[in-house]
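Working notes, beginning with the structure itself.
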Amino acid sequence: MLQGEANDTPGRFSAMRKILNTAHAYMILGLVSGLYYRELTKLKGFTGQTQLGLVHTHVLALGMLFFLIVLALEKLFRLTASRLFGWFFWIYNAGLAVTVAAMAVHGTLTVLGRSSNDTIALVAGLGHILLTAGLVLLFVTLGKRIPAKPAPADEPSVPQPAATSQPATH
């Protein structure tokens, strides 16, 4: 958003910057988690399957890419004007943090040759529940910000048949 635009207010610019910074933080976390996976498995000589290899993809897709899409939606529909947006933002981020942390702990234990327990599965499940609640809040917010019917001025005009001065022949 350019600072000179008509819809630009300091609060809106700040909200968009917050969303951009969130996407940027997830980009950094995603890249660092990929580096962690590569270095830990190389250090331990681990060649098997582990959830640790999926952490960076989840962070990049559900974090960085997701919030870049939310940024575009904010630009189009002013999502932050809804009170629900704050709830979505914090619940979704908490869910992603909990889910990714559980994946990282489970994957690290696998690489170290230790088994995980039911607590990690419970934490991962909680993270997924929070992610789902966040997504529901996002869709409710979108539904409130996008009208069900276009305003009369937004309706496309239906072309009317041109009046002809010639009589119809049968």
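Within region 68-84, restricting attention to residues that are touching a helix residue (DSSP H, G or I) at 6+ places or on another chain (Cβ under 8 Å) and outside any helix (DSSP H, G or I), which residue is farthest from Tyr26 (Cα to Cα)?
Checking each candidate, the answer is Ser82.
Contact annotation: residue pairs with Cβ atoms under 6 Å, 6 or more positions apart or on different chains, pairing a residue in region 31-44 that is of a type in the set (Phe, Trp, Tyr) with a partner that is surrounded by 14 or more Cβ atoms within 10 Å (Cβ to Cβ), are Tyr37/Leu52; Tyr37/Gly53. Against the test of being loosely packed, with under 10 Cβ neighbours inside 10 Å, touching a helix residue (DSSP H, G or I) at 6+ places or on another chain (Cβ under 9 Å), at pLDDT 95 or above and under 30 Å from Leu52 (Cα atoms), the options Gly113, Gly134, Gly107, Gly127 yield a single qualifying residue, Gly113. Leu60 satisfies every condition listed in (1) within 15 Å of the chain's Cα centre (by Cα); (2) over 28 Å from Ser116 (Cα atoms); (3) surrounded by 15 or more Cβ atoms within 10 Å (Cβ to Cβ) except (2).
The values are calculated or read from the model by the stated rules, or taken from the named source; none is laboratory data. This one's a predicted model, so the numbers in the text were calculated from it and none came from an experiment. Virtual Cβ from ideal backbone geometry, glycine too; neighbours counted across all protein chains shown.
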